[in-house]
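Since every read-out is calculated from the coordinates, none of them should be taken as a lab result. This structure is a prediction, so every number in the text was calculated from the model and none was measured. Note: ideal-geometry Cβ built from the backbone for every residue, glycine included; neighbour counts use all protein chains shown.
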Amino acid sequence: MTTTSRWRALTHHHLFWPVAVLIALLLVNVPFTPGFFSIDMTDGHLYGSLVSIVLFGSPLILVAVGMTLVIATGGIDLSVGAVVAITGALTCSYISDQTDQNTLSAVFLAMGIGLVAAVVCGLWNGFLVARMGIQPIIATLIIMVAGRGVAQLITDGQIITVNSEPYKLIGGGYWLTLPFSVFVVTAVVAVTVALTRRTALGLLVESVGGNAEASRLVGIRSTRIKIMVYMFCALCAGIAGLMISSNTSAADGNNAGLWIELDAILAVVIGGTSLAGGRFSIGGTVVGALVIQTLTTTIYTIGVPTQTNLVFKAAVVIVVCLLQSPKFRAKVFGAKGPEGPRRDAAPVEPAPAADAAPKMEVSR
Amino acid sequence: MSATAQTPKAAPRGSTASRARATRLLGDRRLPVLVTAALFIAMYVAGLSRYQNYGFGEPQVFLNLFIDNGYLLVAAIGATFVIMSGGIDLSVGSMIGFTTMFTAWLVERQGLPLLLVVPLALAVGAFGGFLMGYVIHNFEIQPFIVTLAGLFLFRGLCLVISKESISINDASVGTLAQTRVSLGVGDLSIGAVVALVVLAVAAYVLHYTRFGRRVYAIGGNEQSALLMGLPLGGTKIAVYTVSGFCSALAGLLFMLYIQSGDPLHAVGMELDAIAAVVIGGTLLTGGSGYVLGTLFGVLVLGLIKSVITFEGTLSSWWTKIATGVLLCAFILIQRTMTSRRKA
């Protein structure tokens, strides 16, 4: 009985399904790639499929973490892809203008310029959404459309390449045997979790997402919270932009971060954050982003033609959304009542009856 | 919100009424369309005076706006229906890409006659839209995320058909693409004519049929529409079906225009379509707007492209920046208008 209740507690944890999907996806690889889980040490760097999943997934994790907070306030940010492109373009064009591209101060200044531009984009989005009261999809559409144009304007339509060792470190370098980007991601995620879960900030964000007007009436400055959240999201996108351009040592105004906003939203949804706003899970988002990256890697390794990648993604979106839809669950699982309670049944379930039941299947 | 655009013509006379008149003018639903039309005319006149010696004034330059943007017009009309009902459709671009790919594959690789392929492609598009509408309505998932899945799915299906572009050498397609309808001062392509026909049909359906009224009503206030007893589900699903159909038709026109199928055709065209609808004055919250506005929205976007071509020194990315700036300006106009109306 205790194992049953423990099992129930486990399956009802909000991270259970995302993690289960991630593990299942990882296991799918094993028959196709025998050494999938092995990690080798070469030249003092760790190599292996798991490492590369984390390495290539890190920009997505960053963007998705920022997106989580925006979605938690009931908004959405479509402009992150354009912000990625702008940041990369500004930083790379500044570095490429230097005579000595390896100077640390120049690289830091360039990154600063890029990140400031990103934050300004976020400020603009937040201003439109919070002050002007424009729907988030539309407000952020402006930068999504114009931002790529601006990025191309900065790079003059060219792909700017840089040859800077310090800059290369952020997205493609190694530090203490691990890819440096892993440390950046860990730092950002840790700071975000600390700020949202160890202070009242997370609660405020959730309450603004739950009901912006009610939050304002109880004295929460919902406008300020919203603007902050959009700025944070743009900052995360900016850091991701640095990573992407650093990894390829080039800034491509047209293709850098293309469709990353969609992947990020997908990651957030897989992680269990509701698109309606009001609650969020940073951990879930990180797992969600890893699921997407693992899916991409899996498609490469098991030899399915890579072009079906998007079809798989579409299937994942549909399945995840259907599972999250209360109406769908009521129609499909509710109709087959005896099949057993799913994760949604928990709140209405009389707890003693469930404990007394020997098996999950007959508890109703 | 009623769908009618009837504003009393007889404004109160006298100086005391001038403020009331100003308020009424700002509250007029036709204002955004008029602003867009005025903008278009202003841009055209500016273009005339600047590029007079380069043949900008020729009627054919004006008609080319329709020839070069016919597919966008059809796609934007589909998007108008969806946005008018308060939803959004992100799958437009990939549906266009998929249709070009699908038809090219059927015509070139499978050797099916065009007469059979066209209805098939349209049916697939409409069915795709129907499916999305069905999921949106029956499972109450946000349109944004469902059509996002549609975007992935159709773009993915393009790539499943073929990774490389398929050029179309079919004789009937070639003839159709070359056919020009003479208008005296210039000529239009088949695509442009089809687009104008679609425009007329859409204007009729949206403004003069029961279905059109329901679309407005649902976009205005879904709850009230439901309480009035309007068939909410059927209308919503129909709106997405219309959008899917229009996207597929736009795909066919695009295929005719460019005579090939390519998995990367029309990437991001949903943004152009949405931008055209917004610039055309349709409220993004739904319930207010005109199909004619969408036409002007598309024409303004098309004119930006032609002006950039005529200018010669400007690069193509200025199109994106100009679109973004216009989008921003019109969203802000909409915002001030709606807040005035509430006050």
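Points to keep in mind about this one:
- Cα shape, region A:256-315, gyration tensor, a/c 1.5 rule: prolate
- Ignoring the sites themselves, chain B has its longest run without GluC sites (Glu not before Pro) in a DSSP loop having at most 11 other Cβ atoms within 10 Å at B:165-343.
- Helix content alone sets the calculated 222 nm mean residue ellipticity of chain B: runs of n ≥ 4 DSSP H residues at -39500 (n - 2.57) each, divided across all residues, give -23500 deg cm²/dmol.
- The loop-placed trypsin sites (Lys or Arg not before Pro) in region B:124-187, going by DSSP, that have at most 16 neighbouring Cβ atoms within 10 Å of their Cβ come out as B:Lys163.
- Loop sites in region B:17-109: chymotrypsin sites (Phe, Trp or Tyr not before Pro), DSSP, at most 13 other Cβ within 10 Å: none
- Net charge dipole, region A:170-314: roughly 480 debye, given to the nearest 20, about the Cα centre with Cβ charges of +1 for Lys and Arg and -1 for Asp and Glu.
- Counting Lys and Arg as +1 and Asp and Glu as -1 over every other residue whose Cβ lies under 12 Å from the Cβ of A:Ser281, the net charge comes to +1.
- Computed P(r) (all Cα pairs; region A:113-254; 5 Å bins; percent): 2, 9, 14, 18, 17, 15, 11, 8, 4, 2, 0
- Peptides A:270-278, A:186-194 ordered by packing proxy, namely the average of other Cβ atoms within 10 Å per residue, highest first: A:270-278, A:186-194.
- Note on region A:2-302: Kirkwood radius taken over Cα pairs, Stokes-Einstein applied at 20 °C and 1.002 mPa s, translational D equal to 108 µm² s⁻¹.
- Among the listed pairs A:Lys331/B:Lys236; A:Lys327/B:Lys236; B:Lys163/B:Lys305, those whose Cα-Cα separation exceeds 27 Å are B:Lys163/B:Lys305.
- Cβ-based net charge around B:Gly191, under 13 Å, with every Lys or Arg adding one and every Asp or Glu removing one: -1
- A quarter of the convex hull surface defined by the alpha-carbon atoms of chain B gives 19.7 nm² as the mean projection.
- Its DSSP H runs of at least 4 residues, each contributing -39,500 (n - 2.57), put the calculated 222 nm mean residue ellipticity of chain A at -21500 deg cm²/dmol, to the nearest 500.
- Anisotropy class of region A:236-282 from Cα gyration tensor, a/c 1.5 cut: prolate
- With Cα atoms, 0 to 90° folded angle of helix A:309-324 axis to chain A main axis: 40 degrees
- Whole-number D in µm²/s for region A:1-47 (Stokes-Einstein; Kirkwood sum over Cα pairs; 25 °C, 0.890 mPa s): 184 µm²/s
- Residues whose amide H comes within less than 5 Å of that of A:Tyr174, counting only those at least five positions distant or on another chain, are A:Phe180 (H built at 1.01 Å from N in the peptide plane).
- Spatial extent of region A:33-115: Rg and Dmax, with the Cα atoms as the point set, Å: 17.7, 48
- Shape class of region B:192-343 from the alpha-carbon gyration tensor: oblate, with a/c at 1.5 or above and b/c at least as large as a/b.
- Computed over every Cα-Cα pair of the protein assembly as shown and binned at 10 Å starting from 0, the pair-distance distribution P(r) comes out as 3, 13, 23, 26, 20, 11, 4, 1, 0 percent.
- Around B:Trp318: net Lys/Arg minus Asp/Glu count, Cβ-Cβ under 11 Å: +1
- Listed peptides A:161-170, A:238-247, A:123-132 by packing density, highest first (mean Cβ within 10 Å): A:238-247, A:123-132, A:161-170
- For region B:100-134 versus region A:78-107, the gap between their alpha-carbon centres in whole angstrom: 44 Å
- HN-Hα J in Hz across region B:158-163 - Karplus 6.51, -1.76, 1.60, θ = phi - 60°, x for Gly and Pro: 3, 6, 5, 4, 6, 7
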